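Below you'll find the structure, written out as structure tokens, and then a few comments.
The values are calculated or read from the model by the stated rules, or taken from the named source; none is laboratory data. Worth saying up front: this structure is predicted, and the values here are computed from it rather than measured. Please note: Cβ atoms are built from the backbone with ideal geometry, for glycine as well, and neighbour counts cover all protein chains shown.
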């Protein structure tokens, strides 16, 4: 892999406009994810990972926690925490296998099915549909560019699942406090809303 290091002289010669375009685009992605997360919380009271877990159970049928974790690319502990929260809200129930008592399945309740009927489409579903319409070379270019950006931001080692959401994936509180909301101005500076 070819890498290079910029000196302060090189950095000074980079066009500021291009750096700003990249940063603005990154901020738009972050902001779109944040706004969608807030919309999900406001309309359903759930996080994107919670909705995705419900959808996965609906689409795949009864599954063990380990199977859910594997499909969702999340740790078993994270999935267990999410299921605990969904179970408290009576959206999911656990049922022990009749053939193997060591296995516990997660099943949707009637309330879970109802919530999914009115839940907005997760942001990654919309993204996935549009990404699939791209040519293979375009897909490869986007993947390579985003991997390079993650490397440039020293974020390549951060554990992440393919869920477009902000914050912890197993967070409890989905309420949105107005005083905690920030926006970015055109210069990338945080402004309190």
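With respect to the conditions (1) over 17 Å from residue 106 (Cβ atoms); (2) outside any helix (DSSP H, G or I), residue 74 lacks only one, and its number is (1).
One line per residue, one yes/no per condition, for (1) surrounded by 15 or more Cβ atoms within 10 Å (Cβ to Cβ); (2) modelled with pLDDT under 85; (3) in contact with a strand residue (DSSP E or B) (Cβ under 8 Å, 6 or more places away or on another chain); (4) in a helix (DSSP H, G or I):
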site: 6; (1), (2), (3), (4): no, yes, no, no
site: 23; (1), (2), (3), (4): no, no, no, yes
site: 29; (1), (2), (3), (4): no, no, no, yes
site: 43; (1), (2), (3), (4): no, yes, no, yes
site: 57; (1), (2), (3), (4): yes, no, yes, yes
site: 80; (1), (2), (3), (4): yes, no, no, yes
site: 83; (1), (2), (3), (4): yes, no, yes, yes
site: 99; (1), (2), (3), (4): no, no, no, no
site: 106; (1), (2), (3), (4): yes, no, yes, no
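In the range 8-21, which residue that is assigned to a helix (DSSP H, G or I) and modelled with pLDDT of 65 or more is farthest from residue 145 (Cα to Cα)? Across the range 8-21, the extreme among qualifying residues is 13. Which of the numbered conditions does residue 90 fail, given that it passes all the others? Conditions: (1) modelled with pLDDT of 80 or more; (2) not in a loop (DSSP other than H, G, I, E, B). That leaves (2) as the condition not met. Being crowded, with 16+ Cβ neighbours inside 10 Å and within 21 Å of residue 128 (Cβ to Cβ) is the filter here; which residues of the range 31-41 pass it? Residues satisfying the conditions are 33, 34, 36, 37, 40. Scanning the range 151-166 for residues that are surrounded by 13 or more Cβ atoms within 10 Å (Cβ to Cβ) and modelled with pLDDT under 75 returns 161, 163, 164, 165, 166.
For the range 129-150, the count of residues that are in a loop (DSSP other than H, G, I, E, B) and modelled with pLDDT under 90 is zero.
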